[in-house]
Structure formats: C-alpha cells, structure tokens
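The values are calculated or read from the model by the stated rules, or taken from the named source; none is laboratory data. Please read all numbers here as calculations on a predicted model, not as lab measurements. Here the Cβ positions follow ideal geometry from the backbone for every residue, glycine too, while neighbour counts run over all protein chains shown.
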Amino acid sequence: MKIILPVAGKGTRLRPHTHTKAKSLVQVAGKTVLEHIINRLTCLKPDEFIFITDENGYQIEKFMFKNFPDLKCSYTVQKERLGPAHAVWMAAPCIHPGDDVLVVFNDTIFVTDLEKIPELAQDCDGLIYSSEVEDYQRFGVNVLEKGFIVDMVEKPDKPISRLAQVGLYYIKDGARFMKSIEEVIHAGEVVKGEYYLPAVFMRMIENGLRLRAPEIDEWLDCGKPDSLLETNRFLLKENGHIEGEIHNSVIIDPVHIGPGTVVRNSVIGPDVSLAPKCLIESCIIRDSIVNAGAELKNVLLNQSLLGEDVRLTGKLGKLNVGDHTLIEMDI
C-alpha cells in the first residue's frame with residue numbers, strides 16, 4: 001500500500017499560527033496534527049508515505065526524519081494550487097500497477113479501524129470514508145443505493161444524504177485511480193478553477209467501479225481554532241499526561257504538560273495542552289493550547305491558542321496568538 005498525504009495549502013483558517021509553519025505541524029493534545037495522523041496509519045505497514053507539499057515542505061521532511069526515521073517517505077512540491085485532486089495526482093510517478101492507495105487529507109484526525117480495510121473492500125473497488133452529520137449543507141455527501149455510492153452532491157439543499165466525506169479514501173487499483181484523475185484534468189472539469197476528487201470518483205463509478213462509504217467512529221476537525229480546541233478536548237481524554245515540573249499548583253485533568261515545561265503557582269485545566277519547554281507562573285489556564293517555548297506570567301486564559309515562543313504577561317480572557325509574539329499588559 002502507498003499512502004498519499006496532501007499537506008500543501010496555506011491553512012488560512014488557522015492564521016496566524018500557519019504564517020510560520022505548515023498547518024499539519026500545529027499542536028493539539030501534546031502532538032502535532034501530523035503525528036496523530038501518522039500514528040494511526042503505521043498499523044497498515046505501508047510501503048511508502050508520499051507527501052504532497054508546498055514551500056513549507058522542508059518542515060514536514062525535517063519533522064518526519066526526526067520523529068519517524070524508519071518510515072520510507074517521498075516528497076513532491078505542488079507548485080500550482082489547482083485543487084485537491086491535482087495534489088493527489090502529483091503522486092502519480094510513485095504509483096505503479098498493483099499498488100493500492102490510501103489518501104489522507106491533513107485537516108482531520110480520524111478514529112477508525114483501518115486494519116478492516118481488506119474486509120470492507122472485499123466486494124468493491126474502494127472506500128470513501130464518511131461520517132453522518134446533521135449540517136449536511138456544509139459538506140460534500142455520498143448518496144448510496146444498496147450500500148454502494150451512486151452519486152456525490154456538494155453542499156445539498158435537501159437531505160438527499162447526511163453521509164459527509166471526511167477526507168479519507170482507499171482505492172484498490174492506484175494506477176487506475178491516477179489515470180482517472182488525469183482524465184478529469186485533461187477534460188478541464190474544474191470548480192472555481194480547481195480540480196476536486198468527487199469528479200474523479202463519479203467518473204470511476206460511471207466506468208463500472210464500485211465504491212462503498214464506511215462510517216468512521218470519530219471525525220476530529222483541525223482546520224480552524226474552535227474545532228482545534230474541540231479536538232484537543234477529545235484527544236486529552238486518552239492522551240493527557242504530565243512530563244514537566246509542577247510546583248505549588250493545581251492540575252485539573254485532563255491536561256497534557258510536555259517535557260521541560262515548568263508550572264509554578266498556577267491552576268491548569270481542564271482541557272489544557274502545554275507543549276515542551278514552557279514556563280507558566282501565577283496563571284489560571286483552561287480549555288487552551290500553548291505551544292513550545294511560551295512564557296506566561298500572571299495570565300488568565302480560556303479557549304485560547306498561543307504559538308511558539310510567545311511571551312505574555314498581564315491578564316486576558318481569550319487569545320489567538322501566533323508564534324514569537326510578545327504581549328505585556330498591566331494587571
């Protein structure tokens with residue numbers, strides 16, 4: 001199996017945090033989004049991880065070499081922003097006859113048993129993983145007939161289906177998949193100047209391939225600040241632990257406190273993630289994510305995101321602050 005991870009894109013909904021880093025390297029519950037995703041994929045023992053990157057690709061390559069040195073990885077830069085289907089097609093030189101393919105987009109941390117793929121795909125040609133949602137008008141949805149996908153509708157006005165596509169796709173015949181993407185690109189099937197995968201999948205269905213839409217257990221969005229904090233709350237239930245130093249402080253679980261972080265005279269939690277090498281003094285922090293190297297003193301924080309190496313003194317209630325910021329406020 002080859003796993004394709006399109007990690008290009010500016011992550012504009014997460015700015016200012018994505019001004020200085022790839023969006024998949026944003027922290028949540030003590031790990032980067034990318035680390036959470038890779039940890040869920042290694043059970044498949046893939047032959048190769050194929051990253052489709054932008055100009056921040058060197059950050060991804062450095063991170064993977066440091067944290068997953070034993071995994072075989074390749075990197076391709078998407079120089080033209082022509083949509084998600086085009087990004088996946090950039091992996092075509094790495095896909096050969098006989099390769100099956102899993103495509104994983106990095107806005108989402110998923111919870112599902114991927115080891116069931118052979119069983120789920122036994123009588124079909126691929127899987128378009130889905131999640132049942134109430135606000136179906138916001139998503140592209142799969143329309144089923146006798147368990148197989150017969151149509152895909154983008155942001156439907158009527159509840160023709162509530163099975164939203166979650167950005168996780170498995171295709172048995174990877175080479176044919178790439179050919180189908182190429183056909184869509186050559187045909188110029190664009191939406192607002194970009195190529196999207198539903199057009200590819202519908203072409204495959206029209207050519208006789210059968211696709212199922214298994215539901216995942218949890219769909220954890222990491223694409224914007226509010227949803228990132230919600231994902232942080234969910235993941236801390238299982239991933240919270242303390243590696244730093246705690247002095248004269250109250251810790252209200254669940255929390256994650258990274259190695260090298262020092263907490264003094266503070267109340268931390270619930271639902272707080274402190275990355276490594278932070279210094280927290282005389283603070284009250286709840287429902288927040290604080291990235292590596294931050295120094296906070298005399299601060300009250302709630303539902304906040306703080307970037308790397310932030311220096312913050314004073315008293316505030318809610319913040320969304322990017323890397324290397326300095327804020328000083330009188331109490």
Checklist outcome for this item: Of the residues in region 25-68, those that are among the aromatic types (Phe, Trp, Tyr) and touching a residue at least 24 places away in the same chain (Cβ under 8 Å) number 4
Item to check | Residues within region 132-172 that are within 16 Å of GLU206 (Cα to Cα) and surrounded by fewer than 20 Cβ atoms within 10 Å (Cβ to Cβ), tallied | outcome: 7
Checklist outcome for this item: The residue that is nearest to GLY167 (Cα to Cα), considering only those in region 96-109 that are at pLDDT 90 or above and crowded, with 17+ Cβ neighbours inside 10 Å, is VAL104
Item to check | Counted residues, region 37-75 - those being acidic (Asp, Glu) and outside any loop (DSSP other than H, G, I, E, B) | outcome: 2
Checklist entry - Can you spot a residue in region 77-95 that is farther than 30 Å from VAL191 by Cβ, at pLDDT 90 or above and of a type outside the set (D, E, K, R)? => result no
Checklist entry - Restricting region 33-50 to residues that are under 18 Å from ILE171 (Cβ atoms) and in contact with a Ser or Thr (Cβ under 8 Å, 6 or more places away or on another chain), which is surrounded by the most Cβ atoms within 10 Å (Cβ to Cβ)? => result ILE50
Checklist outcome for this item: Going through region 208-248 in order, the residues found to be closer than 30 Å to SER180 by Cβ and β-branched (Val, Ile, Thr) are ILE216
Item to check | Condition met for VAL143 (part of a strand (DSSP E or B), modelled with pLDDT under 85, more than 18 Å from ALA87 (Cα to Cα) and over 21 Å from the mean Cα position of the chain (by Cα)) | outcome: no
Checklist entry - Name the residues in region 57-76 that are surrounded by 15 or more Cβ atoms within 10 Å (Cβ to Cβ) and within 25 Å of LYS172 (Cα to Cα), would you? => result LEU71, CYS73, TYR75, THR76
Item to check | Options LEU220, LEU211, LEU197, LEU236; residue that is closer than 30 Å to ASN298 by Cα, among the hydrophobic types (A, V, I, L, M, F, W, C) and crowded, with 17+ Cβ neighbours inside 10 Å | outcome: LEU236
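To keep it simple, each residue is scored yes or no on (1) touching a Lys or Arg at 6+ places or on another chain (Cβ under 9 Å); (2) crowded, with 24+ Cβ neighbours inside 10 Å.
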| position | (1), (2) |
| --- | --- |
| ILE257 | no, yes |
| GLY260 | yes, no |
| ARG264 | no, no |
| LEU274 | no, yes |
| LEU279 | yes, no |
| ALA292 | yes, no |
| LEU300 | yes, no |
| GLN303 | yes, no |
Next on the checklist: Need pairs with beta-carbon distance below 6 Å; first residue within 9 Å of PHE139 (Cα to Cα) and in the same structural domain as TYR136 (by TED's automatic domain parsing) and within region 156-172, second surrounded by fewer than 20 Cβ atoms within 10 Å (Cβ to Cβ) and aromatic (Phe, Trp, Tyr); sequence gap 6+ or separate chains.
Outcome noted: none
Checklist outcome for this item: All-but-one check, VAL153 against (1) in the same structural domain as GLU119 (by TED's automatic domain parsing); (2) assigned to a strand (DSSP E or B); (3) touching a residue at least 40 places away in the same chain (Cβ under 8 Å), failing number (3)
Next on the checklist: What are the pairs with Cβ atoms under 8 angstrom where one residue, in region 205-218, is assigned to a loop (DSSP other than H, G, I, E, B) and the other, located anywhere, is of a type in the set (Phe, Trp, Tyr)? Sequence gap at least six, or different chains.
Outcome noted: ARG210/PHE148; ALA213/TYR129; PRO214/TYR129; ILE216/PHE110; ILE216/TYR129
Checklist entry - GLY30: within 28 Å of HIS241 (Cα to Cα), crowded, with 18+ Cβ neighbours inside 10 Å, of a type in the set (Gly, Ala, Ser) and modelled with pLDDT under 85, yes or no? => result yes
